[in-house]
Amino acid sequence: MSKHPHTVEKIGGTSMSRSHELLDTVLIGDRKGDALYNRVFVVSAYGGMTDALLEHKKSGEPGVYSLFSSAESGWSWGDALSDVCKKMLDKNAEIFSDASTREMADKFIRERVEGVRSCLIDLSRLCSFGHFQLEQHLLTVREMLSSLGEAHSAYNTVLLLKERGVNARMVDLTGWRQDGEHKLDTQIENAFEGVDFATEMPIVTGYAQCAEVLMKTYDRGYSEVTLSRVAVVTGAAEAIIHKEFHLSSADPKLVGEDRVRVIGETNYDVADQLSNMGMEAIHPRAAKSLRQSGIPLRVKNAFEPEHPGTVIRSDLEARTPGAEIVTGLKGVFALEFYDQDMVGVKGYDAEILEALTRHKVWIISKSSNANTITHFLKGSMKAIRRVEGDLAKAFPTATISLRKVAMVSAIGRDLRGASTLARAIGVLADAGIEPMGMTDMIRKVDLQVIVEEDDFDRAVIALHRSLVEENAGKPAHSKLHAAA
């Protein structure tokens, strides 16, 4: 490894799908010679590949994993796996014009896919006997299938870079045909043994097979955990996440490109609040590793490489108090639990939390008083209805209601002294919006406003104008390719 400072950088799946543009911006651009190196890249699967391998993230349409795990699907998973292989080969045809290079790429992914197919066939046969239960192996199957996507994109990226004269090297963390199982940090140390950052460009699979079983905790957010641990283990000077947009003070499509500003710097507190709102700069647990190690994170627009992006540091305090970002969520479920017998009695909250955890429902926020607890939730209607049903059985005297709302949040490193709450109430009243509820925490890093879904857009625009634009003066304009 080089003694010079290096960066560890992650490229997401949507950006990876624009391979040749990445070569001209992030991966190579105008760099030559030594300037190409001391950079490590953690890559995600091409856009859509993980959906096909597992299940569609938004629609839930079954992929190979969902079909394999379903007893009713029979052997249809095999056809789905063949379809994924064809999709990967089509991607190879799209990005490789040289026949010999494409042949190498095709051979690599065919061997991986057929290896997985053989493994799943053997597992199916084994689990046809009563002594072996398929459910006990499904998480391993999910990880193995998911790893195909990252192995595919990492190998292809190395080939593309070598075509351009870059000394690229694939660092395969997927555990393919590996003997034994290691802790994540050990897996990374072993994989990077002998790598010279000064003369090689490591291209690292976003999925890492390890004893911690990343998908058990992070599911499809594992690549950011890989980024953070690679940065920590290799002693990186900075971690960088390349997205297709800038981290901005609001959605430019909603507020207007001429009114939003790129966030130049902020801290991990703000990043955590953004994650809670689904506007994820980095997974909170991945951020924790960087935060504890004092490694700053930079979020950049992959296709505007000259822009410095947003730097996130653990110890960065606000120069002046005030909101930095106004964002939010539509389709939030407000689960209101009312029971007259709750006054002064403990245990209600624990039972509700247990039900929410059991059905894997995301808690955005909650509020309570003497006899009412309201949770604001993100998840499927089916899962939340199951929670509602469980609670109705456990507390037959309670009244439980469920309704869809929207949540708007003003977030900043320090909202103290900016009269954020008072200004928010005033500007919403002026806009004719009556909030259904507001939460202003003592820590003063975010203000949450509950509104009707039809009022969401107007609330974001009004709060951004009052809390960001008027607080900071004329916004600094920059090209914004998409919402933050």
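Once you have the Cα-Cα distance between Asp122 and Lys87, take 0.36 nm times their residue separation minus that, and quote the gain in nm to one decimal.
On the way: separation 35, 0.36 × 35 = 12.60 nm, distance 2.43 nm.
Gain on extension, Asp122 to Lys87, equals 10.2 nm.
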Q. Normalised by the residues of the chain, what does the relative contact order come to in percent, with Cα pairs under 8 Å and at least six apart?
A. 15 percent
Q. For Ser153, Ser118, what's the largest-to-smallest order of accessible area, 1.4 Å probe?
A. Ser118, Ser153
Q: Quick one: which residues, 5+ away or cross-chain, put their amide H under 5 Å from the amide H of Val171? H built at 1.01 Å from N.
A: Ile203, Val204, Thr205
**Q.** Under-5 Å amide H pairs with Ile263, H placed in peptide plane, nonlocal only
**A.** Leu247, Ser248, Ser249
Q.
How large is the accessible surface of Met436 in square angstrom, using a 1.4 angstrom probe and rounding to the nearest 10?
A. 80 Å²
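Which GluC sites (Glu not before Pro) from the stretch 98-182 combine a DSSP loop assignment with at most 15 other Cβ atoms within 10 Å? Present the calculation step by step, with values, prior to reporting the outcome.
Values: sites: Glu103, Glu111, Glu114, Glu135, Glu143, Glu150, Glu163, Glu181; in loops: Glu181.
Those satisfying the criteria are Glu181.
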Q) Where both partners of a DSSP beta bridge lie in the chain, what percent of those bridges are antiparallel, to the nearest 5? A) 60 percent
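Averaging over all projection directions, find the projected area of the Cα convex hull of the stretch 406-473 and quote it in nm² with one decimal place. Don't skip to the end; give the middle numbers.
Details: hull surface 16.4 nm².
Taking the Cα atoms of the stretch 406-473, their convex hull projects to 4.1 nm² on average.
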Q: Note down the net charge around Asp315, summing +1 for each Lys or Arg and -1 for each Asp or Glu among other residues with Cβ under 14 Å from its Cβ.
A: 0
Q | Sparse-neighbourhood loop sites, GluC sites (Glu not before Pro) in the stretch 290-351 - DSSP loop, at most 12 other Cβ within 10 angstrom | A | Glu306, Glu317
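Rg(Cα) of the stretch 123-280 divided by 2.2 N^0.38 Å?
Values: Rg = 19.4 Å, N = 158, 2.2 N^0.38 = 15.1 Å.
Relative to the rule-of-thumb radius for its length, the stretch 123-280 sits at 1.29.
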Q. Carbon and sulfur: what percent of the stretch 101-189's accessible surface (1.4 Å probe)?
A. 49 percent
Q: Could you let me know the centre-to-centre spacing of the stretch 216-234 and the stretch 392-418, using Cα atoms, in angstrom?
A: 30 Å
Q: Starting from the amide H of Asp414, placed 1.01 Å from N in the peptide plane, find each other amide H under 5 Å away whose residue is 5 or more places distant or on another chain.
A: Gly322
Q | Helix-only mean residue ellipticity at 222 nm for the chain, each DSSP H run of n ≥ 4 adding -39500 (n - 2.57), per residue, nearest 500 | A | -11500 deg cm²/dmol
Q: From the C-alpha gyration tensor of the stretch 1-136, pull out the three semi-axes of the equivalent ellipsoid (sqrt of 5λ each), sorted largest to smallest, in whole Å.
A: 36, 17, 15
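State in Å² the accessible area per residue of the chain; use a 1.4 Å probe, count heavy atoms of protein chains only, and round to the nearest integer. Could you put the intermediate results ahead of the total?
Values: 22200 Å² over 484 residues.
Counting only protein heavy atoms, the per-residue value for the chain is 46 Å².
Using a 1.4 Å probe over the heavy atoms of the protein chains, calculate the carbon and sulfur portion of the accessible area of the stretch 234-371 as a whole percent. List each step's numbers first, then the result.
Working: 2820 of 6070 Å².
That share works out to 46 percent.
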Q. Principal axis lengths of the chain from Cα atoms, whole Å, largest first?
A. 67, 61, 35
Q: For a label point 7 Å from the Cα of Val343 along Cα→C-beta, name the residues of the stretch 389-411 whose backbone N is under 18 Å from it.
A: 397-399
Q: Just report the Cα centroid separation between the stretch 96-162 and the stretch 241-274, whole Å.
A: 36 Å
Q: Would you kindly find the accessible area of Thr186, with a 1.4 Å probe and non-protein molecules such as ligands, DNA and RNA excluded, rounding to the nearest 10 Å²?
A: 50 Å²
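Do any chymotrypsin sites (Phe, Trp or Tyr not before Pro) in the stretch 127-232 lie in a loop, going by DSSP, with at most 13 other beta-carbon atoms within 10 Å of their beta carbon, and if so which?
Working: sites: Phe129, Phe132, Tyr155, Trp176, Phe192, Phe197, Tyr207, Tyr218, Tyr222; in loops: Phe129, Phe132, Trp176, Phe192, Phe197, Tyr207.
Answer by residue number: Phe129, Phe132.
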Q. Tell me, what ³J(HN,Hα) does each residue in the stretch 318-323 have, in order and in whole Hz, if you take phi through Karplus 6.51 cos²θ - 1.76 cosθ + 1.60 with θ = phi - 60° and put x for Gly and Pro?
A. 6, 5, 9, x, x, 6
Q. Which value, in Å² rounded to 10, gives the accessible area of Asp457 with a 1.4 Å probe and all protein chains present?
A. 60 Å²
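Just need the Rg to Rh number for the stretch 336-409, please, alpha carbons only, Kirkwood Rh.
Numbers: Rg = 11.8 Å, Rh = 12.6 Å.
Here the Rg-to-Rh quotient is 0.94.
The values are calculated or read from the model by the stated rules, or taken from the named source; none is laboratory data. Model, not experiment: these values are computed from the prediction. Cβ sites come from the backbone with ideal geometry, for glycine too, and all protein chains shown count toward neighbours. Ligands, DNA and RNA are stripped out before the accessible areas are found, and what is left, the full protein with its side chains, is counted by its heavy atoms. Shrake-Rupley method; radii C 1.70, N 1.55, O 1.52, S 1.80 Å.
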